[in-house]
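Visitor: Have a look at this one.
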Amino acid sequence: MNVSIEIYYIAVEYQNKILRQGSFPLRGKKPEQVSFEWWKQIRKESYVDLELEKIIADGENITQLMKELEKAPLE
């Protein structure tokens, strides 16, 4: 089963609003976990600071869940 994800964010230095979207296999994970992993990958590939605006997974706004995952301690 796949999840469709849209990540809206801002490249802080340039104040550019950006949308990245794609479809990803869940592989036993929750949509917010898959979204979080993709968001970490996007941030890692960027050479400027990024600010998360909104994340939509299969039409549902999961932004608050993502912000909670970002604040959670690493396991």
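The values are calculated or read from the model by the stated rules, or taken from the named source; none is laboratory data. These numbers come from a predicted model, not from an experiment. Cβ coordinates were reconstructed from backbone atoms using ideal geometry, including for glycine residues, and neighbour counts include every protein chain displayed. We work out accessible area using only protein heavy atoms, side chains counted, and drop any ligands, DNA or RNA first. Shrake-Rupley method; radii C 1.70, N 1.55, O 1.52, S 1.80 Å.
Visitor: Which one of these is in contact (Cβ under 8 Å) with a residue 12 or more places away in the chain and surrounded by fewer than 16 Cβ atoms within 10 Å (Cβ to Cβ): 37, 32, 13?
Guide: Numbers: 37 fails: in contact (Cβ under 8 Å) with a residue 12 or more places away in the chain; 32 fails: surrounded by fewer than 16 Cβ atoms within 10 Å (Cβ to Cβ).
The conditions single out 13.
Visitor: Can you tell me which residues in region 1-31 are under 16 Å from residue 70 (Cβ atoms) and modelled with pLDDT under 90?
Guide: 12
Visitor: OK, next. Could you check region 44-67 and list, in sequence order, the residues that are open to solvent by less than 100 Å² (accessible area, probe 1.4 Å), out of contact with any helix residue (DSSP H, G or I) (no Cβ under 9 Å at 6 or more places or on another chain) and either under 16 Å from residue 5 (Cβ atoms) or not small (Gly, Ala, Ser) (or both)?
Guide: If the condition is that a residue be open to solvent by less than 100 Å² (accessible area, probe 1.4 Å), out of contact with any helix residue (DSSP H, G or I) (no Cβ under 9 Å at 6 or more places or on another chain) and either under 16 Å from residue 5 (Cβ atoms) or not small (Gly, Ala, Ser) (or both), then 48, 51, 59, 61, 63, 67 are the ones that fit.
Visitor: Here is a further query. Under 8 Å between Cβ atoms, which residue pairs at least 6 apart in sequence (or on different chains) link something in region 47-62 that is in a loop (DSSP other than H, G, I, E, B) with a partner that is open to solvent by 90 Å² or more (accessible area, probe 1.4 Å)?
Guide: 48/13; 48/14; 49/13
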